[in-house]
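I have placed the structure first, in the form of structure tokens, so that the comments after it can refer back to it.
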Amino acid sequence: MTQGLDTLAATSREALAGIFARHERVFLAFSGGKDSLTVAHLCEPWGDRLTLLWCDTGHMAPHMSDFVQSHRERFSLIKVQPQRPLMDHWAEHGAPADLIPLEHLEGVDWRYPRLQPWSVCCGTHRTWPLVEFLKQQSAPCAFLAGQRQQDQGANVTGIRGLMPGHVEFGLPLWGWTDADVLAFVAQEGIQLQPHHATCGTSIECIICPANLSREKMNLLDRHYPAEADFVRRLASHSLGLAAAKANEIMGVINGTGTAEREGVR
Ligand code: SF4
């Protein structure tokens with residue numbers, strides 16, 4: 001833990017008190033994960049002015065969707081959605097992947113199928129609907145997120161840059177570690193998502209073939225076998241394309257092969 005948990009929580013509550021003093025309406029990006037649950041808990045003194053903002057990609061695990069929506073009992077909750085069904089977007093721009101040979105990227109299009117970086121897919125389907133909602137707010141307001149400095153890959157600068165001018169962006173857990181959050185959750189008796197004991201990593205979306213973890217695959221195997229099969233097939237396909245490209249390059253470097261484009265002369 002970074003510093004005394006009580007000190008950490010007191011600092012975050014003080015920052016939140018300032019935000020609620022400046023704004024009548026405060027929104028929290030809410031996914032049902034431990035970080036957004038912790039921020040919601042810290043906001044309880046101002047719970048009547050907090051609105052949970054849930055971006056439903058349409059592919060959240062049903063038990064997680066139920067868990068998220070169960071928080072309507074304590075807070076106001078608004079569901080936002082991407083403009084288009086996620087699969088329609090994949091059909092046009094490619095499925096998300098971790099490893100992508102550049103020629104499969106949209107705009108290059110030397111080889112098909114198209115693939116897209118998972119960060120782009122997440123931006124379109126999980127971040128952008130929140131930004132669009134906030135743009136439509138006529139009065140100044142605040143937007144909170146559970147991202148922490150320790151999160152690898154959290155594109156906070158990018159999200160901050162997308163925020164409309166009338167929205168104050170707050171990250172109450174920025175200095176917290178994973179251990180801090182888990183200790184606070186235990187201390188405060190915060191109820192975590194139903195699968196947390198066996199899978200602590202995010203499982204959104206259940207059909208996502210990128211950014212996988214062993215514990216997510218185990219969970220899909222147990223509860224969503226059809227989706228597990230779909231994910232394996234898609235991830236294996238994009239990985240096969242990346243491996244083929246790597247082999248092509250190695251063949252050229254080692255003098256044992258040629259680049260595919262050499263064959264068209
Ligand atoms: S979790 Fe996967 S499928 Fe869902 S929005 Fe992000 S990249 Fe796309």
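The values are calculated or read from the model by the stated rules, or taken from the named source; none is laboratory data. Every value quoted in this text rests on a predicted model; they were computed, and no experiment measured them. Backbone-built Cβ (ideal geometry, glycine too); neighbour counts: all protein chains shown.
Among what's in the range 80-94 and is outside any loop (DSSP other than H, G, I, E, B) and in contact with a strand residue (DSSP E or B) (Cβ under 6 Å, 6 or more places away or on another chain), pick the residue that is nearest to residue 117 (Cα to Cα).
93
Tally time: how many residues in the range 236-254 are polar (S, T, N, Q) and surrounded by 15 or more Cβ atoms within 10 Å (Cβ to Cβ)?
Qualifying residue count, the range 236-254: 1.
So in the range 205-226, with the set limited to residues that are within 14 Å of the ligand (Cβ to nearest atom) and surrounded by 19 or more Cβ atoms within 10 Å (Cβ to Cβ), which one is nearest to residue 125 (Cα to Cα)?
The extreme case among them is 205.
Can you confirm whether residue 120 is part of a helix (DSSP H, G or I) and within 12 Å of the ligand (Cβ to nearest atom)?
So residue 120 passes the test.
Each row is one residue, and each column tells you yes or no for (1) surrounded by fewer than 14 Cβ atoms within 10 Å (Cβ to Cβ); (2) within 16 Å of the ligand (Cβ to nearest atom); (3) modelled with pLDDT of 95 or more; (4) over 30 Å from residue 107 (Cα atoms).
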position	(1), (2), (3), (4)
47	yes, no, yes, yes
60	no, yes, yes, no
73	yes, no, no, yes
80	no, yes, yes, no
87	yes, yes, yes, no
90	no, yes, yes, no
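State yes or no: is residue 182 surrounded by 15 or more Cβ atoms within 10 Å (Cβ to Cβ), touching a Gly at 6+ places or on another chain (Cβ under 6 Å) and farther than 29 Å from residue 83 by Cα?
no
Among the residues in the range 137-160, are any assigned to a helix (DSSP H, G or I), away from the ligand (no atom under 16 Å from the Cβ) and touching a residue at least 24 places away in the same chain (Cβ under 8 Å)?
Within the range 137-160, none of the residues are assigned to a helix (DSSP H, G or I), away from the ligand (no atom under 16 Å from the Cβ) and touching a residue at least 24 places away in the same chain (Cβ under 8 Å).
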